[in-house]
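This report refers to the structure that appears directly beneath it.
The values are calculated or read from the model by the stated rules, or taken from the named source; none is laboratory data. Keep in mind that what you see is a predicted model, and the values were worked out from it rather than measured. Counting neighbours? That spans all protein chains shown, and the Cβs are built from the backbone with ideal geometry, glycine included.
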Amino acid sequence: MTSETGLLSDLYQLTMAAGYFEAGKGAQRASFELFFRRLPRYRNFVIAAGLEQAVDYLVNLRFSPDEVAYLRHLPQFARVAPEFFDALLRFRFSGDVFAVPEGTPVFPEEPILTVCAPLMEAQIAETFLLSMIGFQSLIATKAARIVEAAAGRDVIEFGSRRAHSPEAGVLAGRAAFVGGCAGTSSAACGFRFGVPVFGTAAHAWVLAFENERQAYCRLQEMLGERTVYLIDTYDTVQGARLAAGLGRPLWGVRLDSGNLLELSRAVRSILDSAGLHDARIMATSDLNEYRILEFTAAGAPIDAYGVGTDLATSADSPNIGVVYKLVELEEDGRKRYTAKFSEDKHTLPGTKQIFRFPSHDVLACSSECIGCGEEGSSPFALSRPVVISGEPVESLPNAAAARANTLESVRKLPSTVRSLFDAQEPYRLEYSDPLLALFAQVRGHRKAAS
């Protein structure tokens, strides 16, 4: 693990931190919850992802002397006491974090992550947590949809070259794997997170040789049973015949252009006629869940899909309205519950727990115990401690374990919720009576105060 810079933040997180420090509020215990208000477009659920990186950030968060010197000279900090900058040099996250496991389907208003820490510490973390969990959850959700459409066929994330930065490409590969993909084309993702890596060869490989046969032979010599011929550089059907004539060893062939349904049938026939019944067909070329769903419905003999741009950017729904809101604050030894009451942006006060039943969830106060079952029984509590007093509780499940959780959890969702189209009956979320009573109490106090 490496130190994480506190400057991975919006400036106003740092000016608020300075303000809290100056007002004597920086050390007050605060609780923030990270959640989204509404489902992204065309989505019936969101897969929680990015927890491993969020925890790594918090436990390694530091400010270097150069970073503190930079802040000290910004005009926004001209009137801030020197003691604040000394506090930044000593900064360590000392709080607690509770979260749903990666790979868990979540719904609006359900806290993915709860941070309980001194107010200054919890505030500084907001921007990174929103960005990391929001992005990976977005891509993991897109991946889960594509995997659903593929109906058991492997999906490989191929989008690094189309991602919004090289680092986004690495994290997209991880998130796509968490969402159910079989692997990624990103070598860096494989190295850092243990995600299986896949690669074939580009058209440049074929063009670099005098003829297609020579290109195929050289590839086969190098890759052996992992050989995947890209057969559409000149003529797809002729390329399939050439590949079939070379025989084993090979994994299969890749189609990257043309009418993929018709071509897959023609290529399958050619491979089978050569006795290569176990040779697989991979399809690429601007794929998304809807095109793959059409291939599945048509019975296309496609064994695997490589999905790039649409997956790495979640092109049809490229953002998620994730928020991070203060829900509790300890003042003078007592707990004050906080909530927003603005139109369309209200929040619920107090830290919360999600209880999952087979057909619905109940959002409750964190002090409640509804059923109190273990996972696998009904109901069970989703949020669990991952950091206590600034230290990880235990090693978090890796990306492979998160992927297994996604596949199992999505399988348990009602079929209408797993649909690639808007659900006729959205997943049901209920609110416990104590939580509703707390909301009414806080609203009443706010009205009286105003």
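Observations on the structure shown:
- Among the residues of segment 204-222, those that are crowded, with 17+ Cβ neighbours inside 10 Å and either touching a Cys at 6+ places or on another chain (Cβ under 8 Å) or not aliphatic (A, V, I, L, M) (or both) comprise 212, 216, 220.
- Test: residue in segment 239-257 that is polar (S, T, N, Q), surrounded by 19 or more Cβ atoms within 10 Å (Cβ to Cβ) and in contact with a helix residue (DSSP H, G or I) (Cβ under 9 Å, 6 or more places away or on another chain): no
- Of the residues making up segment 314-364, those that are small (Gly, Ala, Ser) and in contact (Cβ under 8 Å) with a residue 12 or more places away in the chain are 314, 315, 317, 321, 339, 350, 359, 364.
- Qualifying residue in segment 364-377 (condition: of a type in the set (A, V, I, L, M) and at pLDDT 95 or above): yes
- Consider segment 303-323 and keep the residues that are within 16 Å of residue 139 (Cβ to Cβ) and of a type in the set (Val, Ile, Thr). The one that is surrounded by the most Cβ atoms within 10 Å (Cβ to Cβ) is 307.
- Looking at 325, 345, 335, just one residue is of a type in the set (Lys, Arg), assigned to a loop (DSSP other than H, G, I, E, B) and within 30 Å of residue 20 (Cβ to Cβ), and that residue is 345.
- Filtering segment 133-178 to residues that are within 13 Å of the chain's Cα centre (by Cα) and among the β-branched types (Val, Ile, Thr) leaves 133, 139, 141, 170, 178.
- Candidate set from segment 280-302 (those that are under 23 Å from the mean Cα position of the chain (by Cα) and surrounded by 22 or more Cβ atoms within 10 Å (Cβ to Cβ)); member that is farthest from residue 134 (Cα to Cα): 292
- Screening 257, 264 for residues that are hydroxyl-bearing (Ser, Thr, Tyr), without any contact (Cβ under 8 Å) to a residue 40 or more places away in the chain and either touching a Pro at 6+ places or on another chain (Cβ under 6 Å) or over 24 Å from residue 223 (Cα atoms) (or both) leaves exactly one candidate, 264.
- Contact annotation: no residue pair with Cβ atoms under 9 Å, 6 or more positions apart or on different chains, pairs a residue in segment 6-34 that is at positive phi with a partner that is modelled with pLDDT under 95 and assigned to a loop (DSSP other than H, G, I, E, B).
- Residues satisfying the criterion are present in segment 121-132 (criterion: under 9 Å from the mean Cα position of the chain (by Cα) and assigned to a helix (DSSP H, G or I)).
- Taken over segment 150-183, the residue count meeting the criterion of being surrounded by 19 or more Cβ atoms within 10 Å (Cβ to Cβ) and among the charged types (D, E, K, R) is 3.
- Residues of segment 223-238 satisfying the condition of being of a type outside the set (S, T, N, Q) and either within 19 Å of residue 301 (Cβ to Cβ) or crowded, with 23+ Cβ neighbours inside 10 Å (or both): 228, 229, 230, 231, 232, 237
- Residues within segment 184-195 that are over 15 Å from the mean Cα position of the chain (by Cα) and either surrounded by fewer than 24 Cβ atoms within 10 Å (Cβ to Cβ) or not small (Gly, Ala, Ser) (or both), tallied: 7
- Those residues of segment 253-288 which are more than 18 Å from residue 226 (Cβ to Cβ), of a type in the set (S, T, N, Q) and in contact with a strand residue (DSSP E or B) (Cβ under 9 Å, 6 or more places away or on another chain), in sequence order: 264, 285, 288
- Residue count, segment 324-348 (criterion: under 28 Å from residue 425 (Cβ atoms) and exposed (fewer than 15 other Cβ atoms within 10 Å of the Cβ)): 4
- Matching option when the condition is assigned to a helix (DSSP H, G or I) and either modelled with pLDDT of 95 or more or on the phi > 0 side of the Ramachandran plot (or both), among 250, 261: 261
- Evaluation of residue 42 against (1) assigned to a loop (DSSP other than H, G, I, E, B); (2) modelled with pLDDT of 95 or more; (3) aromatic (Phe, Trp, Tyr) (one fails), failing number: (2)
- Residue in segment 292-301 that is part of a loop (DSSP other than H, G, I, E, B), polar (S, T, N, Q) and farther than 30 Å from residue 126 by Cα present: no
- The numbered conditions (1) touching a residue at least 60 places away in the same chain (Cβ under 8 Å); (2) in contact with a Leu (Cβ under 8 Å, 6 or more places away or on another chain); (3) closer than 30 Å to residue 256 by Cβ are all true for residue 304 except (2).
- Exactly one residue out of 145, 162 is at pLDDT below 95 and closer than 18 Å to residue 314 by Cβ: that is 162.
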